[in-house]
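Chemist: One structure coming up, written as structure tokens, with questions to follow.
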Amino acid sequence: MKFELGEFVRFVDENREGYITKILSDEMVGVTGEDDFEIPVMINNLTRVHGKSKFIDESQGNVATHQTIEFIEKGIFIAVVSDPNKGSVVYFHLINQTSYQLLSTLKTDKKGVFKGEFCGIVNPQSDTKIYSASLPDLDLWPNFQLQAMYYTTQNKAWVKPLVFDIKFRAKDFTGSKTQIPFLKEQGWLIRIDEPKIKIDAEKLKESFFKPTEEKKTVDKPQKEIDLHIEKLRDDYQFLNKNEILDIQLAHFQNALDAAIVHQFERIIFIHGVGNGILQHKIHKAVSKHPKVQTFKDAQKEKFGYGATEVILR
């Protein structure tokens, strides 16, 4: 079954429904419910509800609705991919994972000779090819000067235009390739909207004379983490609801970080059913975590609906 953005769907195995707000793959979509929280769901776990949908504004890449969809501020890249038929030719794409429209230009500088290569709009959550070159001639490539202005109709403060200047070197293409967003191809991905790291020469000098600090170790966590407060604190009966929630979330975050450090493939958090607040907080945190591939209800035969299994990258 193939779903489209804006369709209203109902979960097959639990009492939940919402609108499709993101197509993640041929087998998985993002569904946003009444709580404005988007979760990834396998399409075989959904059924279509006819007669109810939302209008999709293709130019903005958002769902036009009374609900508030998360506005993405960061995520602009240059992707370099090889021609499938002639590997020596590479194409440069400007990848825009933000919710802004980008009014963009690319100019090259070759020994003081400037040339405009690209000018156009890159829509939210999309890509545009901006240049091509021969990889064996990398030493002859010009400097790349890219500029982008941010535009949105939403209530957002002014953002300083992006200016990125780079001279590509062979070392930029020595690392392994990665999957490029939107292109479904392997290539090299370079983040261009992160601030440059400023090196403080004095602090760097001081660091050479400081004694080496004892290396911190992270204990390996269990593969099943029970977050029931009675498992975490002996004095739980003296804690209020907010204190209990803070302790549970801190324990969850520490266990998740430790699982990532120890390169776990997956970890289960047992949160119980209760009022659903702890489960909601956990789902919200893992849905935005760059090291989390996906998450789902853990084995229902064992945990019911009271546990979440987190699949790590």
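Chemist: Only one of Phe295, Phe269 is assigned to a strand (DSSP E or B), touching a Pro at 6+ places or on another chain (Cβ under 8 Å) and at negative phi; which?
Modeler: On the way: Phe269 fails: touching a Pro at 6+ places or on another chain (Cβ under 8 Å).
Residue meeting the stated conditions: Phe295.
Chemist: Residues Lys86, Lys156, Lys115, Lys111: which one is of a type in the set (Lys, Arg) and either within 29 Å of Leu24 (Cβ to Cβ) or in contact with a helix residue (DSSP H, G or I) (Cβ under 8 Å, 6 or more places away or on another chain) (or both)?
Modeler: Details: Lys86 fails: either within 29 Å of Leu24 (Cβ to Cβ) or in contact with a helix residue (DSSP H, G or I) (Cβ under 8 Å, 6 or more places away or on another chain) (or both); Lys115 fails: either within 29 Å of Leu24 (Cβ to Cβ) or in contact with a helix residue (DSSP H, G or I) (Cβ under 8 Å, 6 or more places away or on another chain) (or both); Lys111 fails: either within 29 Å of Leu24 (Cβ to Cβ) or in contact with a helix residue (DSSP H, G or I) (Cβ under 8 Å, 6 or more places away or on another chain) (or both).
From the options Lys86, Lys156, Lys115, Lys111, the qualifying one is Lys156.
Chemist: Looking at the stretch 80-88, can you tell me whether even one residue there is crowded, with 18+ Cβ neighbours inside 10 Å, in the same structural domain as Val159 (by TED's automatic domain parsing), under 22 Å from Gly120 (Cβ atoms) and within 19 Å of the chain's Cα centre (by Cα)?
Modeler: The answer is no, given that none of the residues of the stretch 80-88 is crowded, with 18+ Cβ neighbours inside 10 Å, in the same structural domain as Val159 (by TED's automatic domain parsing), under 22 Å from Gly120 (Cβ atoms) and within 19 Å of the chain's Cα centre (by Cα).
Chemist: Moving on. Against the definition (buried (at least 17 other Cβ atoms within 10 Å of the Cβ), modelled with pLDDT of 90 or more and in contact with a Phe, Trp or Tyr (Cβ under 7 Å, 6 or more places away or on another chain)), how does Tyr131 come out, yes or no?
Modeler: Numbers: buried (at least 17 other Cβ atoms within 10 Å of the Cβ): yes; modelled with pLDDT of 90 or more: yes; in contact with a Phe, Trp or Tyr (Cβ under 7 Å, 6 or more places away or on another chain): yes.
In short, yes.
Chemist: Right, another one. I'd like to check something: does the stretch 233-255 contain any residue that is buried (at least 17 other Cβ atoms within 10 Å of the Cβ), on the phi < 0 side of the Ramachandran plot, in a helix (DSSP H, G or I) and touching a Pro at 6+ places or on another chain (Cβ under 8 Å)?
Modeler: Taking every residue of the stretch 233-255 in turn, at least one turns out to be buried (at least 17 other Cβ atoms within 10 Å of the Cβ), on the phi < 0 side of the Ramachandran plot, in a helix (DSSP H, G or I) and touching a Pro at 6+ places or on another chain (Cβ under 8 Å).
Chemist: What number of residues within the stretch 158-188 satisfy the criterion of being among the polar types (S, T, N, Q) and either surrounded by 14 or more Cβ atoms within 10 Å (Cβ to Cβ) or in a strand (DSSP E or B) (or both)?
Modeler: Counting residues in the stretch 158-188 that are among the polar types (S, T, N, Q) and either surrounded by 14 or more Cβ atoms within 10 Å (Cβ to Cβ) or in a strand (DSSP E or B) (or both) gives 3.
Chemist: Further question on the same structure: Is it true that some residue in the stretch 90-98 is over 19 Å from Lys184 (Cα atoms), at pLDDT 85 or above, surrounded by 14 or more Cβ atoms within 10 Å (Cβ to Cβ) and of a type in the set (A, V, I, L, M)? Even if it seems obvious, please write down each step before you answer.
Modeler: Residues of the stretch 90-98 over 19 Å from Lys184 (Cα atoms): none.
Within the stretch 90-98 (the criterion being over 19 Å from Lys184 (Cα atoms), at pLDDT 85 or above, surrounded by 14 or more Cβ atoms within 10 Å (Cβ to Cβ) and of a type in the set (A, V, I, L, M)), the answer is no, since none of the residues qualifies.
Chemist: Moving on to the next point. Hey, can you tell me all the residues within the stretch 148-173 that are within 17 Å of Ile95 (Cβ to Cβ) and small (Gly, Ala, Ser)?
Modeler: Ala148
Chemist: Considering only the stretch 108-122, how many residues are of a type in the set (Phe, Trp, Tyr) and in a loop (DSSP other than H, G, I, E, B)?
Modeler: Start the filter on the stretch 108-122 by keeping residues that are of a type in the set (Phe, Trp, Tyr), which leaves 114, 118.
From what's left, in a loop (DSSP other than H, G, I, E, B): none.
Within the stretch 108-122, residues that are of a type in the set (Phe, Trp, Tyr) and in a loop (DSSP other than H, G, I, E, B) number 0.
Chemist: If you don't mind, another one. From the residues in the stretch 37-58 that are under 12 Å from Phe8 (Cβ atoms) and modelled with pLDDT of 80 or more, which one is surrounded by the most Cβ atoms within 10 Å (Cβ to Cβ)? Break it down stepwise before answering.
Modeler: Of all residues in the stretch 37-58, those under 12 Å from Phe8 (Cβ atoms) come to 46-54.
Now narrow it down to the ones that are modelled with pLDDT of 80 or more: 46-48.
Working: Leu46: 21, Thr47: 12, Arg48: 14.
My answer is Leu46.
Chemist: Being outside the structural domain of Lys288 (by TED's automatic domain parsing), in a strand (DSSP E or B) and within 30 Å of Ser176 (Cβ to Cβ) narrows it down to one residue among Thr128, Thr105; which is it? Spell out how you get there, then give the answer.
Modeler: Numbers: Thr105 fails: within 30 Å of Ser176 (Cβ to Cβ).
Matching residue, one of Thr128, Thr105: Thr128.
Chemist: Moving on. Going residue by residue through the stretch 16-36, is there one that turns out to be farther than 24 Å from Val286 by Cα and modelled with pLDDT of 85 or more?
Modeler: First, pick out the residues of the stretch 16-36 that are farther than 24 Å from Val286 by Cα: none.
Looking through the stretch 16-36, none of the residues is farther than 24 Å from Val286 by Cα and modelled with pLDDT of 85 or more.
The values are calculated or read from the model by the stated rules, or taken from the named source; none is laboratory data. Since the structure is predicted, the reported quantities are computational estimates derived from the model, not experimental observations. We place every Cβ from the backbone using ideal geometry, glycine too, and count neighbours over all the protein chains shown.
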